[in-house]
Amino acid sequence: MASLKHLPAVKGAKVLMVGAGGIGCELLKTLALSGFQDIHIIDMDTIEVSNLNRQFLFRQSHVGQSKAKVAREAVLKFRPHISITPYHANVKDSDFNVDFFKEFNVVLNGLDNLDARRHVNRLCLAADVPLIESGTTGFLGQVTVHVKGRTECYECQPKPAPKTYPVCTITSTPSKFVHCIVWAKELLFAKLFGDKNQANDLNVRSSDGASSSKQAEDVFEHRKDEDIEQYGRRIYDHVFGYNIEVALSNEDTWKNRNRPKPIYSSEFMPNDLSQQNGNMEKNGAANDISSVSAMASLGMKNPQDVWSLKENSRVFLEALKLFFLKREKEIGNLTFDKDDQLAVEFVTAAANIRAASFGIPLHSLFEAKGIAGNIVHAVATTNAIIAGLIVIEAIKVLQNDTKNYRMTYCLEHPTRKMLLMPVEPFEPNRSCYVCSETPLSLEINTHRAKLRDFVEKIVKAMLGMSLPLIMHGSALLYEVGDDLDEEMVANYAANLDKVLSELPTPVTSGTMLTIEDLQQELSCQINIKHREEFDEEKEPDGMVLSGWTQAPSVVKDDKESIANAGSTSNEPPVEAEKNDEIEMTTGKKRKQSEVSEAVDPDLSSVDGDTRNPDKLQVLDDDDELTIFDNWDSVTNKKIRMQ
């Protein structure tokens with residue numbers, strides 16, 4: 001229970017929680033036990049078996065039900081007199097607009113993806129409601145406070161982009177297991193079970209002697225008179241055998257690389273597959289899709305076993321067969337889901353077979369699922385600690401105790417007997433396009449790139465806008481909304497397939513575009529710069545967005561330290577040197593190197609690279625990728641909030 005001096009602020013507060021997962025369960029419990037009386041929860045997810053080990057408000061009997069609703073029922077059993085309002089919905093739904101956010105005194109985020117975090121950040125800025133952000137991964141965690149005009153917003157520091165790989169590396173020259181996972185998940189799985197009309201860079205050259213006029217996709221088509229086991233073998237031999245042989249024919253590619261080995265199903269499997277394949281009766285009820293498993297069919301139980309090449313081959317063929325025999329209605333509409341057991345089995349087996357071909361070590365299903373789903377497994381204790389810190393900061397915000405706001409980082413190993421590292425929040429980044437409306441710059445080939453590329457890769461993926469409106473001066477180039485008439489929708493659809501320089505109002509070098517999202521009440525400007533060529537390895541999107549940078553570091557002059565221009569801080573500005581120091585709330589100063597060592601976990605990124613001490617990516621409690629603020633934002637001397 002909150003102390004007596006805090007009770008008026010706590011009891012009178014109307015709080016919005018976004019997310020009822022690992023952090024959310026702990027947070028709702030802590031809010032209720034701290035005296036909060038009016039709590040609203042938004043979560044679009046339903047409860048899954050994999051949630052039960054840490055999301056303690058849920059039980060086996062709740063699987064398939066709404067997280068928000070079940071969490072409410074569980075907490076009301078021990079705090080029956082408080083008000084908890086659940087919303088089983090997406091926080092990006094139009095119902096949750098700026099006016100909705102204005103109803104609350106504080107918003108508490110326990111989300112599991114970057115896109116939703118950015119959306120909530122923008123709505124909080126537009127509604128002028130304080131936001132408390134959080135995230136955990138394993139033993140690491142963070143809580144940050146964001147108050148409009150006083151502290152930096154969630155997007156003041158650009159988040160590292162998700163790791164991408166050049167198509168040529170994935171399709172032709174993989175060197176890491178993650179390359180094989182991406183190939184199996186994004187190319188092979190999508191080609192076999194996903195949208196047939198979706199563009200796909202998978203090598204689909206035919207190996208059956210068909211004429212060159214025959215459609216390349218025919219090799220992946222299941223022919224009407226073809227036995228499903230024969231079809232599986234044909235796919236296996238094509239992607240792991242014939243395509244590798246074709247790749248080997250290009251001698252230049254392998255001058256400085258290890259040559260891959262073609263693999264054919266006949267090397268490991270008898271001609272009569274029924275001798276070796278599994279027992280489908282072990283897959284439970286015919287209508288229970290979740291119980292369909294190649295491992296169950298084959299009598300394989302331990303997901304942490306590393307399968308042999310023969311075992312991977314059996315799982316591959318069995319999983320493919322089960323998709324066509326048990327889940328045929330879904331084929332053509334499937335996308336990979338880390339919670340789909342059969343999909344994980346297929347991707348693991350396919351990735352391992354490809355890895356064996358290229359001399360890459362094989363991985364267990366447990367490991368492969370972690371890589372494919374960007375999973376770092378959660379620790380319930382970390383979630384509980386972070387939830388407690390969220391409530392502490394919420395009480396400070398409700399009391400307007402600005403001097404004591406803290407961003408707190410939970411560490412894996414103690415440094416100077418500290419596991420919780422508090423840091424004073426920083427002022428808004430004046431170069432942030434979200435809260436400071438600073439123009440951005442985009443280098444792009446205006447003669448090749450289409451408006452669709454700009455919308456998908458920049459406006460939606462990088463800027464996180466949901467319902468964008470794009471203007472060139474007074475001319476409207478693109479808009480999304482339910483209130484558009486058919487003619488407008490057709491015009492905007494036609495614009496999407498035009499290159500930028502051929503739009504009705506041409507976009508060329510020097511053009512200033514205005515991008516708005518009416519739902520988020522966000523507007524930004526982008527200055528277009530034409531550029532002819534891009535490095536395929538370093539700039540695979542064929543465009544480079546800049547101007548969205550970290551706040552400039554403080555520069556030391558001979559006579560005095562100079563802070564960022566326009567600083568409102570009355571404290572003596574801090575100095576930026578190689579051994580920058582950060583003043584902790586303990587009153588001690590910590591060297592940059594000490595802080596970096598303390599917060600830089602011994603984690604490898606999902607692609608197997610060694611850890612980067614400058615960029616810490618934190619996966620949150622629900623196993624989806626979110627981004628931990630770059631520790632440069634803590635260790636590079638920025639201005640503290642006054």
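Are any of the residues in the stretch 247-264 open to solvent by 30 Å² or more (accessible area, probe 1.4 Å), within 37 Å of the chain's Cα centre (by Cα), on the phi > 0 side of the Ramachandran plot and modelled with pLDDT of 90 or more? No, because not a single residue in the stretch 247-264 is open to solvent by 30 Å² or more (accessible area, probe 1.4 Å), within 37 Å of the chain's Cα centre (by Cα), on the phi > 0 side of the Ramachandran plot and modelled with pLDDT of 90 or more.
Taken as a whole, the stretch 387-403 holds no residue that is in contact (Cβ under 8 Å) with a residue 24 or more places away in the chain, outside any loop (DSSP other than H, G, I, E, B), of a type in the set (D, E, K, R) and closer than 30 Å to Val455 by Cβ. Among the residues in the stretch 378-390, are any more than 21 Å from Asp112 (Cα to Cα), among the aliphatic types (A, V, I, L, M) and open to solvent by 20 Å² or more (accessible area, probe 1.4 Å)? No, the conditions are met nowhere in the stretch 378-390. Of Thr144, Thr136, all but one fail to be touching a Cys at 6+ places or on another chain (Cβ under 8 Å) and of a type in the set (Val, Ile, Thr); the exception is Thr136. Within the stretch 472-490, is even one residue within 14 Å of Ile528 (Cα to Cα) and buried (at least 16 other Cβ atoms within 10 Å of the Cβ)? Yes, the stretch 472-490 contains at least one residue that is within 14 Å of Ile528 (Cα to Cα) and buried (at least 16 other Cβ atoms within 10 Å of the Cβ).
Residues in the stretch 491-521 that are among the charged types (D, E, K, R) and in contact (Cβ under 8 Å) with a residue 40 or more places away in the chain were compared, and the one that is least open to solvent (accessible area, probe 1.4 Å) is Asp517.
Does at least one position in the stretch 525-545 carry a residue that is farther than 28 Å from Val167 by Cβ and either modelled with pLDDT of 90 or more or part of a strand (DSSP E or B) (or both)? Checked the stretch 525-545: at least one residue is farther than 28 Å from Val167 by Cβ and either modelled with pLDDT of 90 or more or part of a strand (DSSP E or B) (or both).
For the stretch 434-456, the count of residues that are touching a Cys at 6+ places or on another chain (Cβ under 6 Å), open to solvent by 40 Å² or more (accessible area, probe 1.4 Å) and part of a helix (DSSP H, G or I) is zero. Does Lys92 satisfy the condition of being modelled with pLDDT of 95 or more and surrounded by fewer than 20 Cβ atoms within 10 Å (Cβ to Cβ)? Judged against the criteria, Lys92 is not a match. Cβ-Cβ distances below 7 Å connect the following pairs, each with a first residue in the stretch 446-457 that is assigned by the TED database to the domain that holds Arg531, a second residue that is aromatic (Phe, Trp, Tyr), and a separation of six or more residues or different chains: Leu451/Tyr478; Val455/Tyr478.
Flag: Ala20 does not match the condition of being closer than 23 Å to Asp339 by Cα, touching a Cys at 6+ places or on another chain (Cβ under 9 Å) and surrounded by 24 or more Cβ atoms within 10 Å (Cβ to Cβ).
For the stretch 389-416, a residue qualifies if it is out of contact with any strand residue (DSSP E or B) (no Cβ under 6 Å at 6 or more places or on another chain) and closer than 13 Å to Ile132 by Cβ, and the qualifying residues are Val391, Ile392, Ile395, Lys396, Leu398. Would you mind stating whether Ile235 is crowded, with 20+ Cβ neighbours inside 10 Å, at pLDDT 65 or above and out of contact with any Pro (no Cβ under 7 Å at 6 or more places or on another chain)? When the stated conditions are applied, Ile235 passes them.
Answer yes if at least one residue in the stretch 327-343 is buried (at least 22 other Cβ atoms within 10 Å of the Cβ), in contact (Cβ under 8 Å) with a residue 60 or more places away in the chain and either polar (S, T, N, Q) or assigned to a loop (DSSP other than H, G, I, E, B) (or both), and no otherwise. No, the stretch 327-343 contains no residue that is buried (at least 22 other Cβ atoms within 10 Å of the Cβ), in contact (Cβ under 8 Å) with a residue 60 or more places away in the chain and either polar (S, T, N, Q) or assigned to a loop (DSSP other than H, G, I, E, B) (or both). Can you find a residue in the stretch 45-63 that is touching a Gly at 6+ places or on another chain (Cβ under 8 Å), surrounded by fewer than 19 Cβ atoms within 10 Å (Cβ to Cβ), in contact (Cβ under 8 Å) with a residue 12 or more places away in the chain and in a strand (DSSP E or B)? Scanning the stretch 45-63 turns up at least one residue that is touching a Gly at 6+ places or on another chain (Cβ under 8 Å), surrounded by fewer than 19 Cβ atoms within 10 Å (Cβ to Cβ), in contact (Cβ under 8 Å) with a residue 12 or more places away in the chain and in a strand (DSSP E or B). Only one entry in Glu229, Glu281 is loosely packed, with under 12 Cβ neighbours inside 10 Å and either modelled with pLDDT under 90 or on the phi < 0 side of the Ramachandran plot (or both), namely Glu281. For Asp93, the conditions (1) without any contact (Cβ under 8 Å) to a residue 40 or more places away in the chain; (2) touching a helix residue (DSSP H, G or I) at 6+ places or on another chain (Cβ under 9 Å); (3) part of a loop (DSSP other than H, G, I, E, B) are fulfilled apart from (2).
Here is the figure for the stretch 95-126: residues that are surrounded by 16 or more Cβ atoms within 10 Å (Cβ to Cβ), closer than 16 Å to Glu155 by Cβ and not charged (D, E, K, R) total 12.
The values are calculated or read from the model by the stated rules, or taken from the named source; none is laboratory data. As the structure is a computational prediction, the values presented were derived from the model and not from experiment. Every residue, glycine among them, receives a Cβ derived from its backbone with ideal geometry; neighbour counts consider all protein chains shown. Keep in mind that these areas ignore ligands, DNA and RNA; they rest on the heavy atoms of the full protein, side chains included. Shrake-Rupley method; radii C 1.70, N 1.55, O 1.52, S 1.80 Å.
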